[in-house]
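Worksheet: one structure, shown below.
The numbers here are math on the coordinates, done by the rules we state, and not lab data. Just so it is clear, the structure is predicted and the values come from calculations on it, not from any experiment. Every residue, glycine as well, gets a Cβ built from its backbone with ideal geometry; the counts of neighbours run over all protein chains shown.
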Amino acid sequence: MGGKKAFCFDRDGTLYWGNPKGPIKKCHLISLKKIGYDTGAAGGQLAEEQYKDWKQEGITPDFVFFKGDIYNLKNRYEKVIHVGNDITDKEVASRAKFGFMEPEQFLIWLRQKLSKYGKVFKWS
């Protein structure tokens, strides 16, 4: 594990390419990677569909899991935060003993984290 940390993201209502669209954009995911976090998909769709979605957006995820299987990340990371927009996301994170953030909370956290690093990335 070596202290690695990761964020896994639900798609619908969380990511901008979801249905419904969420507030988290490609630039946010890239910024997160730039400060050392692994990122990946953990939505309600098949892993293959999620991987394809991320690749179509020009992002290679570090991992892809069906939402209910995110507990498999436990052996790979010291800390995992699941980002999603509904009670199922919160319950899945809780069962896996992971942290949980709603999309808006994540965006606030990311801005604060980037300012601590003295980094300013243009978010469009």
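Which net charge results for the neighbourhood of R95, defined as the other residues with beta-carbon distances under 14 angstrom from its beta-carbon, given Lys and Arg at +1 and Asp and Glu at -1?
Residues close to R95 contribute a combined charge of +1.
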Using the Cβ atoms and a cut-off under 14 Å, what net charge is assigned to the surroundings of V64, where Lys and Arg are +1 and Asp and Glu are -1? -3
Which helices pass in the chain if a helix is a full DSSP H run, must span at least 18 angstrom along its long axis by Cα, and must have mean Kyte-Doolittle hydropathy not below -1.0? 103-116
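Which of the residue pairs K25/K52; K4/K33; K55/K79 have a Cα-Cα distance greater than 21 Å in the structure shown?
Working: K25/K52 16 Å; K4/K33 12 Å; K55/K79 25 Å.
Exceeds cut-off: K55/K79.
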Can you match percent of Cα pairs over 19 Å apart to one of these, (1) 45; (2) 42; (3) 62, based on a calculation from the structure here? (2)
Residues with beta-carbon under 12 Å from that of G13, excluding G13: net charge, scoring Lys, Arg +1 and Asp, Glu -1? -4
Output the relative contact order of the stretch 5-116, whole-number percent, from Cα pairs under 8 angstrom with separation of 6+ residues. 27
Diffing the stretch 72-79: the Karplus 3J(HN,Hα) column from phi (6.51, -1.76, 1.60, θ = phi - 60°), in whole Hz with x for Gly and Pro, holds 5, 6, 3, 7, 9, 9, 6, 9
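Counting trypsin sites (Lys or Arg not before Pro) as exposed when in a DSSP loop with at most 10 other beta carbons within 10 Å, what is the longest stretch of the chain free of them?
Working: sites that count: K97, K122.
Longest gap between qualifying sites, sites excluded: 1-96.
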Given the DSSP H assignment, sum -39500 (n - 2.57) over each helix run of at least 4 residues in the chain and divide by its residue total; what's the result at 222 nm in deg cm²/dmol, nearest 500? -10000 deg cm²/dmol
